[in-house]
Amino acid sequence: MSPFDGVQPAGPAAGAVVDTARVEKARDLLHYLANTVSAMKIFPSEHATVKNFVDLLTQKFTDFLAADQKLQVGIEEYSFTFEGKPVFSDELTIKSLPFFFFRDGLQIFFFYQGLDRQEILEFLELITAEAQKPAEDSDIVAALWERDFPNIQYYAPDEFLENRILAESSDSQVRQELPELPEDFAHETIEVRIDSSKFSQGKIELTSEDQEEVQKGHARAERDDVPDGTTAAAEGAGPETPAEKDAGGKSPAATMDPTLTEDELHSLETMVRVNRTISPEEEYINLMLEIIFLEENMGSCQASLDTLLEYHFDQLQRGNFHVAMLIIHKTHELGQHLDETPEKAALLTSFRKRMVSPKTVEAVQTLLAKKKAMDWESLLGFFGLLGPPALSLAADLFDIVPGGEARHKILGFIADVGTPNPGLLPSLADNARPDLAREIIGILSRIPENRGIPHLSAFLSFQNKEVKIEAIHALGRTQGEMANRILLGFLKDPDEEVRIQAAMKLNPTEGGSRIQQLVREASAREFLEKSLKEKEAILSFLGRTRSLEAFEFLRRTLERAPLFTSKRVREMRLAAVVGLENMGTEEALGILQKGAIGRTKKVREACTAALVRLPPAGGAKKE
């Protein structure tokens, strides 16, 4: 509608009691109105984000007008008011919605019951369209008058419009009163010649005020050139060089050529523009977090966080991982200001957990399938901000990315996050991805102070034989008590090769009570069922311990020579020869010498071969 005659700026009636609840509802609605306009400057009307904003804004208008029938909003230079109280302020002129209305003379808005989503959307689109025009072409009052919304009215004082019309008429008149060429020259071609050599000639007349300003300028320049009023000579400066004399004592900047090429000017303008503006993505994130910070209704706060989460996943699908990093940074900053609202802080924590989603891996898979270049630095930077919860995502990515630099960076992230928390790493390995499992074993084995070794016990239950053998080799390189304890666990593995590898890697200096346990197991009837190779591995370890229990067991086993020797007993005697050879003590040599003259040919030959490989009795080590 057109402006109203005699309408006064919005405010409470004299003596009226202000309804605090209504003021807060108006405050919330106008904040959301400004934020919705900001969103529409970034995204088109059909974008899901804008639709969510418009839906929520419509609901807020509907709820308010259902109770009050009319919403009257005062407009000041940088603020919206309701019942005389400022309820929304934005002093940043370039984006201030109150200032946008105020500069064109609007003083009051009236919103009436019956306002629906379509009318609100058209109102918002009108504002957005006018806001994006150059200031000299934009006129929100004229645009509102032309559109004539049925349930939105406004007030702009007549004198403002009259002054504006007069100003425009005056400009037009000035343009019309410019002197014209005489009739004699109206149809003549006039040639203008310029003598550039005379540009530096002539005389400029200065008034006394101009001369005073020039003198003040010289005085200021001298003070700036020499701090504290001291001269260069007083400071002990050396004599001027010829170059300095030629420069007339000017600073290096003053002696530089001030001219710039067109390309240099364009580059400089671009750098300045970039540094003075923020990206649409950052502007949108700031907008959403401002809404969340100001929102008092936890349901609405959750809805805004859901919208931001969908935006996050949308950016991931586009490969804009730097935007995901920005969301993490900004939400952490917001969290520092929510000490007094623990419920909202909990919603923010839950939001960050929901950012760790299989959708991240799906987005990377899609980008790889399209053969798009991946910004691995930004992706892993995003993972780094998420911290340990992102380990599972990194593990999933390890299998789908091509080998080389990408895998190397993913492993670097896993190592960086897993080293302080080694207990998190074994869960990343499973039988379906043996390559990653082997890398996890390597990371655990390299953690300082052997803090990763206890977690290698997780591989005892692994089904993949190659991975288990890799874990055994890592434990063998460590040679510690914990490593030995885990290796003894591998001796019970159902796979013979795994048991043999574990026996070969056992550290004999870490035996203790476990030696007696192994002696008992080797003495059992079930042990006879094992292969010769496995028997040799176990008895070789017993020999390397050089313990009395092991010596007595090996001696009894070798000296056991029944008249009719079975294959199993013969294999036990041959394994005992290996154990005694590894023991290498004088006592062990004595037993081997007796065996070398025994009646069982294979045992006799084995003892003889062992004695040949060992040094003579005098050089053998004693127990």
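The values are calculated or read from the model by the stated rules, or taken from the named source; none is laboratory data. From a predicted model like this one, the values you see are computed outputs, not experimental measurements. In this analysis, Cβ positions are derived from the backbone assuming ideal geometry, glycine residues included, and neighbour counts consider all displayed protein chains. Note: areas computed on protein heavy atoms with side chains; ligands, DNA, RNA excluded. Shrake-Rupley method; radii C 1.70, N 1.55, O 1.52, S 1.80 Å.
Some points to look at:
- J(HN,Hα) series, segment 285-302, from Karplus relation 6.51 cos²θ - 1.76 cosθ + 1.60, nearest Hz, glycine and proline x: 4, 4, 4, 5, 6, 5, 4, 4, 5, 7, 5, 9, 7, 5, x, 5, 4, 5
- Along each principal axis, Cα extent of segment 465-506, largest first, Å: 24, 16, 13
- Of ILE500, LEU475, LEU518, farthest towards positive along the dipole that unit charges on Lys, Arg, Asp, Glu beta carbons give segment 454-520: LEU518
- Ratio of the Cα radius of gyration of segment 306-359 to 2.2 N^0.38 Å, where N counts its residues: 1.16
- Working note: Karplus 6.51/-1.76/1.60 with θ = phi - 60° gives segment 28-43 the couplings 4, 5, 6, 4, 6, 4, 4, 5, 5, 4, 4, 5, 6, 6, 9, 10 Hz, where Gly and Pro are set to x.
- Share of carbon and sulfur in the accessible heavy-atom surface of segment 301-385 [1.4 Å probe, %]: 50
- Stretched out straight at 0.36 nm per residue, the stretch from ARG147 to ASN421 would grow longer than its current Cα-Cα span by 92.3 nm.
- Taking segment 59-100 and a reference point 7 angstrom along Cα→Cβ of ARG22, the backbone N atoms nearer than 11 Å belong to 67-72, 83-84.
- By accessible area with a 1.4 Å probe, ligands and nucleic acids excluded, highest first: order of HIS337, HIS332: HIS337, HIS332
- Whole-number accessible area per residue in Å² for segment 387-446, which is evaluated in the context of all protein chains at 1.4 Å: 40
- Net charge dipole size for segment 69-125 [Lys, Arg +1 and Asp, Glu -1 on Cβ; Debye, nearest 20]: 120
- Derived scalar couplings between HN and Hα for segment 58-70 equal 4, 5, 5, 4, 4, 5, 5, 6, 5, 8, 10, 6, 8 Hz in order, rounded to whole Hz, by the Karplus curve 6.51 cos²θ - 1.76 cosθ + 1.60 (θ = phi - 60°), x for Gly and Pro.
- Heavy-atom surface analysis with a 1.4 Å probe gives segment 461-528 a carbon and sulfur content of 46 percent of its accessible area.
- Taken per residue, the accessible surface of segment 448-537 reaches 51 Å², heavy atoms only and a 1.4 Å probe.
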